[in-house]
Amino acid sequence: MVLIMGPPGAGKTSALRALESQRRGFGRFSVRDYGLDLFRMDDDLGGLVGPPLLDRQQLADDLVMRLFAHYLVRFGGLFDVIVSESYPRGASQCKDAEVVVDRLGTCIAGLVTFSISNSTAQERVRTRLTCQSCGRPQVGNTPQQCDYCQGLASRRPDDSTSRFVQRLNNYREHAEQVMEFYDKRGTHFAVDAEREAGLVVADLDHAVQELVNQSSQVL
Ligand SMILES: [Zn+2]
């Protein structure tokens, strides 16, 4: 298990989806995507997290922890590597995540962060659309058809400038604590996400592999 973090607009989702399609045995946990999957499946936990997720509200720590555990119990044995996108956030969720993986007899190999300046992040968010059906990001300013699933791609309501600044500040604050935690263990890699997408994906792939190799040597 490798954790992935980065500010909104850093290109995490695109890079992880690219990696997911290139690599076999690669699983991706995202609170929002998995929560909404469970919601659509009429799962009990899905019923709890679906409405706040659709409303783009932040979930309580214990609910996110349950989602994370739910995902790992279901998929833990199926993939060689699982990456967790934007979870945990902050010190207390970090402890929760460590408890969950420990209980399931696995471990968190480390953290990869996407580093990007506030101005680049803001520019990217201003010119991106998100598919309402599959959640894939697209480039553009006016609503259009998703080139993957033909759903409607439009601007995310929380990509508006005021919400974006809020999300960015929130990210910087919580990311700091998680980075500190993995810095101490020497298992934190940063990827320069200002560059072209292909290079970012290659670096991400390398960092994930490196962390997994390191952790299997320790065990
Ligand atoms: Zn789509």
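The values are calculated or read from the model by the stated rules, or taken from the named source; none is laboratory data. The model shown is predicted, which means the values in this text are computed figures rather than measured ones. Cβ: placed from backbone, ideal geometry, glycine included. Neighbour counts: every protein chain shown. Just so you know, the surface numbers come from the protein's heavy atoms only, side chains and all, with ligands and any DNA or RNA stripped out. Shrake-Rupley method; radii C 1.70, N 1.55, O 1.52, S 1.80 Å.
Worth pointing out:
- Restricting attention to the range 131-155, the residues that are more than 11 Å from the ligand (Cβ to nearest atom), open to solvent by 30 Å² or more (accessible area, probe 1.4 Å) and part of a loop (DSSP other than H, G, I, E, B) add up to 4.
Results for (1) on the phi > 0 side of the Ramachandran plot; (2) not in a helix (DSSP H, G or I), shown as yes or no for each residue.
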position	(1), (2)
L19	no, no
D42	yes, yes
P51	no, no
D62	no, no
H70	no, no
F79	no, yes
Q93	no, no
V112	no, yes
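- Listed by first and then second residue, the pairs linking a residue in the range 200-219 that is in contact (Cβ under 8 Å) with a residue 60 or more places away in the chain and over 16 Å from I82 (Cβ atoms) to a residue that is open to solvent by 20 Å² or more (accessible area, probe 1.4 Å) and in a helix (DSSP H, G or I), with Cβ atoms under 8 Å apart and 6 or more places separating them unless they lie on different chains, are V201/A18; V201/Q22.
- Taken over the range 15-26, the criterion of being touching a Lys or Arg at 6+ places or on another chain (Cβ under 9 Å), closer than 17 Å to E196 by Cβ and surrounded by fewer than 17 Cβ atoms within 10 Å (Cβ to Cβ) is satisfied by no residue.
- Residue among F189, F181, F164 that alone is surrounded by 13 or more Cβ atoms within 10 Å (Cβ to Cβ), more than 13 Å from the ligand (Cβ to nearest atom), in contact (Cβ under 8 Å) with a residue 60 or more places away in the chain and over 28 Å from F26 (Cβ atoms): F164
- Close pairs from the range 45-63: first among the acidic types (D, E), partner in a helix (DSSP H, G or I), Cβ under 7 Å, at least 6 apart: D61/S92; D61/Q93; D61/D96
- Positions within the range 28-61 being in contact with an Asp or Glu (Cβ under 9 Å, 6 or more places away or on another chain), surrounded by fewer than 18 Cβ atoms within 10 Å (Cβ to Cβ) and either farther than 25 Å from F79 by Cα or aliphatic (A, V, I, L, M) (or both), in sequence order: R56, D61
- Matching residues in the range 62-92 - criterion: being of a type outside the set (G, A, S), open to solvent by less than 70 Å² (accessible area, probe 1.4 Å) and under 22 Å from V208 (Cα atoms): F68, Y71, L72, F75, F79, V81, I82, V83, E85, Y87, P88
- The conditions of being under 22 Å from L3 (Cα atoms) and open to solvent by 10 Å² or more (accessible area, probe 1.4 Å) are met by N118.
- In the range 1-14, the residues that are closer than 15 Å to C134 by Cα and either of a type in the set (V, I, T) or surrounded by 24 or more Cβ atoms within 10 Å (Cβ to Cβ) (or both): T13
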